[in-house]
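Chemist: First, the structure itself, so that you have it in front of you.
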Amino acid sequence: MNLDAHDSVRPILWRDGALWLIDQRLLPHRNEQVVCRDVGTVAEAIRNMTVRGAPAIGIAAAYGVVLAARDRFDAAPGSWREDIEEDLQTLAGTRPTAVNLFWAINRMRTAIADCTGGPGVRLLEEARAIHEADIADNRRMGQLGAALIETPCAVLTHCNAGSLATGGFGTALGVIRAGYVTDRIRRVYADETRPWLQGARLTAWELLEDRIPVTLVAEGAGAYLMKQGEVGWLIVGSDRIAANGDVANKIGTYGAAIIARHHGVKVMVVAPTSTIDMSTPDGGAIPIETRREEELLALAGQGIAAPGARAWNPVFDVTPAGLVDAIVTEKGVVLAPNATRMAALMKS
Ligand code: MRU
């Protein structure tokens, strides 16, 4: 399987002692990078969606800790390991739902505790390890997930769970890359994904960059699309999976999963085990981020709603485990997820 031919996008780079992020707010019209030379800039990049997607946020935060350690050590070599806790809290306060953020910060916290003297190369090694493992895990999940598609079909995806949302290759889009290469996937439909348009702007851009054709649909078209019978699988990523298999993902995923079940379309959630939060018992305990009203009331800075209208803008929802046919992780596949099967996966 030649996956390399369809895997060119890398949103996060460590170069010359700084973190370089593709500015995802500007895609698809401009492909520019933001250079982060301190932890404050990294935190702001996560908050303002320069970098987004659960695994990508975690990786960016890990490099943010490297930058923080450098500055804290230069300022106070004797107390940098205590002083840096403030920076870890700043990073943790950027976005609440994607658990990969807290997972990555905790890994870096453990690495800090391992450092004797200064941060040296230890923290950069840890951030690089998180980054490289993410790409390798995505490739493995791509193959595991594609193998579940027994009958060639069209698929529908929501938001962007691709290279741009990870270190590279993507989770849901990793399965789509592998399924496309092996002729299991005949056509890719992508929801446009209001209000940030991750589907229309990001999923479409990265698939076309990698020469995979894509057809956009408005979210409202999902039910009618699935009624046609062409779509065999809804394939999505996740920001946090609870211990019972409930799945938090971009707002709209829950509705799409209900529609999928109604039409006999299977639902595949693709996420590394760093997205699984065994300390969250079920979806009701997952913190759901609500963002500014203006994100819904305007598009590209242009007001679109009747002046004076208010908006409610939750940006994630929870799909109950009962609507999920398969959770694909780098450790293996959980079919019909529940608490027992999730626990067995995490112990394996
Ligand atoms: O608000 P975003 O763009 O960070 O939300 C991203 C998603 O919901 C993705 O579907 C999810 O993080 C999976 S990414 C591999």
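The values are calculated or read from the model by the stated rules, or taken from the named source; none is laboratory data. What you are looking at is a predicted structure, and each value in this text was computed from that prediction instead of being measured. All Cβ positions, even for glycine, are placed from backbone atoms using ideal geometry, and neighbour counts span all protein chains on display. Keep in mind that these areas ignore ligands, DNA and RNA; they rest on the heavy atoms of the full protein, side chains included. Shrake-Rupley method; radii C 1.70, N 1.55, O 1.52, S 1.80 Å.
Chemist: Any idea which of (1) away from the ligand (no atom under 16 Å from the Cβ); (2) open to solvent by 20 Å² or more (accessible area, probe 1.4 Å) is the one LEU225 doesn't satisfy?
Modeler: Just one mismatch for LEU225, condition (2).
Chemist: Of the residues that sit in segment 142-175 and are closer than 21 Å to GLN228 by Cβ and open to solvent by 10 Å² or more (accessible area, probe 1.4 Å), which one is nearest to the ligand (Cβ to nearest atom)?
Modeler: Result: CYS153.
Chemist: Moving on to the next point. PRO281 - would you say it is out of contact with any strand residue (DSSP E or B) (no Cβ under 8 Å at 6 or more places or on another chain) and open to solvent by 10 Å² or more (accessible area, probe 1.4 Å)?
Modeler: no
Chemist: Between a residue in segment 1-19 that is part of a loop (DSSP other than H, G, I, E, B) and any residue that is modelled with pLDDT of 95 or more and aromatic (Phe, Trp, Tyr), which pairs come within a Cβ distance under 9 Å, given they are 6 or more apart or on different chains?
Modeler: Taking only residues 6 or more apart or on different chains, the pairs are LEU3/PHE169; ASP7/PHE169; VAL9/PHE169; VAL9/TRP205.
Per-residue answers, yes or no, for (1) among the polar types (S, T, N, Q); (2) within 16 Å of the ligand (Cβ to nearest atom):
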{"position": "MET49", "(1), (2)": "no, yes"}
{"position": "LEU67", "(1), (2)": "no, no"}
{"position": "SER79", "(1), (2)": "yes, no"}
{"position": "PHE102", "(1), (2)": "no, yes"}
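Chemist: If you don't mind, there's one more thing I want to ask. Among the listed residues ILE130, ILE112, which satisfies the condition of being within 16 Å of the ligand (Cβ to nearest atom) and outside the structural domain of ALA271 (by TED's automatic domain parsing)?
Modeler: So the residue among ILE130, ILE112 that is within 16 Å of the ligand (Cβ to nearest atom) and outside the structural domain of ALA271 (by TED's automatic domain parsing) is ILE130.
Chemist: Taking segment 176-199, which residues are open to solvent by less than 10 Å² (accessible area, probe 1.4 Å) and either assigned to a loop (DSSP other than H, G, I, E, B) or not assigned by TED's automatic domain parsing to the domain that holds ALA311 (or both)?
Modeler: THR193
Chemist: With segment 61-175 as the region, which helices (runs of 4 or more DSSP H) entirely inside it contain at least 3 residues that are basic (Lys, Arg)?
Modeler: Correct list: 122-147.
Chemist: Let me ask you something else. Just name the residue that is nearest to the chain's Cα centre (by Cα) out of those in segment 205-215 that are of a type in the set (A, V, I, L, M, F, W, C) and open to solvent by 10 Å² or more (accessible area, probe 1.4 Å).
Modeler: TRP205
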